[in-house]
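J.: Take a look at this one; I'll ask things after.
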Amino acid sequence: MSDILSMSTCGRPVDTHARQAARERGFTLLELLVVMVIIGLLAGLVAPRYFDQIGKSNTKIARAQIESLGKALDQFRLDVGAYPTTEEGLQALMTKPQDAPHWSGPYLQKAVPPDPWDRPYQYRAPGEHSDYDLYSYGKDGQPGGSGENSDVTSW
């Protein structure tokens, strides 16, 4: 009988087999709720920072692509004598324009990439800010904005 019953600290008999069986059943609802709350709090703290980093990464990618396209445009100008017109656009880096006898491209290894938000880069030559303006409207696709929605420009 001493195997089945033992005395608790309060002096009441406790069935050790019943206690062991309760432990083997799994987690209680309260324990699951506590874990869910902890996971929710962690997700609430970590998720905004994670998505903010993704936004910053896309902006950095856009800046790097604009810089790379700018180098290709500079090489085009050295060969042809002028930047592509707005009408010729960035495709002039891949396909020879009709009035460019000294064109020695293509000036990019692959097709002109879209911006990180999957929209075409905006190109204007002559530009308002320099010989050409090359820019992305950012995440929102609209002029202006702040943070992730701000324009990424070549000037």
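Every number in this text was worked out from the coordinates using simple rules, so none of it is lab data. In this text the structure is predicted, and so the values were computed from the model without any measurement. Using ideal geometry, Cβ is built from the backbone for each residue, glycine included, and neighbour counts are taken over all protein chains shown.
J.: Taking the radius of gyration and the Kirkwood hydrodynamic radius from Cα positions alone, what is the Rg/Rh ratio for the chain, to two decimal places?
T.: Result: Rg/Rh = 1.55.
J.: Moving on to the next point. Hey, in the GNM for the chain with a 10 angstrom Cα cutoff, which one of G127, G44, G141 fluctuates hardest?
T.: G44
J.: Between helix 16-25 and the chain, what is the angle of the helix's C-alpha long axis to the longest principal axis, kept within 0 to 90° and rounded to the nearest 10?
T.: Computed tilt is about 20 degrees.
J.: Still on this structure: For the range 98-119 and the range 43-95, what is the separation of their C-alpha centers, rounded to whole Å?
T.: 12
J.: Another one. Run the simple label-point estimate for R119 and V35 please: 7 Å along Cα→C-beta, distance reported in nm.
T.: It is 4.4 nm.
J.: Please compute the modelled spin-label separation between D99 and A47, points set 7 Å along Cα→Cβ, answer in nm with one decimal.
T.: Here the modelled spin labels are 5.5 nm apart.
J.: May I pose another question? Compute the angle between helix 29-80 and the longest alpha-carbon principal axis of the chain, please, reported from 0 to 90 degrees and rounded to the nearest 10.
T.: Roughly 10 degrees between the two axes.
J.: A further question follows. What longest region of the chain stays clear of GluC sites (Glu not before Pro) that DSSP places outside H, G, I, E and B and that have at most 12 other Cβ atoms within 10 Å?
T.: Formally, the longest exposed-site-free interval is 1-86.
J.: Continuing with the same structure: For I66, I38, I61, which order do you get if you count the other beta carbons within 10 Å of each Cβ and list the fewest first?
T.: Least crowded to most crowded, the residues run I38, I61, I66.
J.: For the range 128-138, take each phi angle, set θ = phi - 60°, evaluate the Karplus expression 6.51 cos²θ - 1.76 cosθ + 1.60, and give the result in whole Hz per residue in order, putting x for glycine and proline.
T.: 3J(HN,Hα) across the range 128-138, in whole Hz: 7, 10, 7, 4, 9, 10, 10, 7, 10, 7, x.
J.: Next up: Under a GNM of the chain (C-alpha, springs under 10 Å), which listed residue has the highest mean-square fluctuation: L29, L41, L93?
T.: Maximum fluctuation in the GNM of the chain, among the listed residues, is at L29.
J.: In nm, give the distance between the simple-model label positions of H129 and S57, each being 7 Å from the Cα along the Cα-to-Cβ direction.
T.: 2.6
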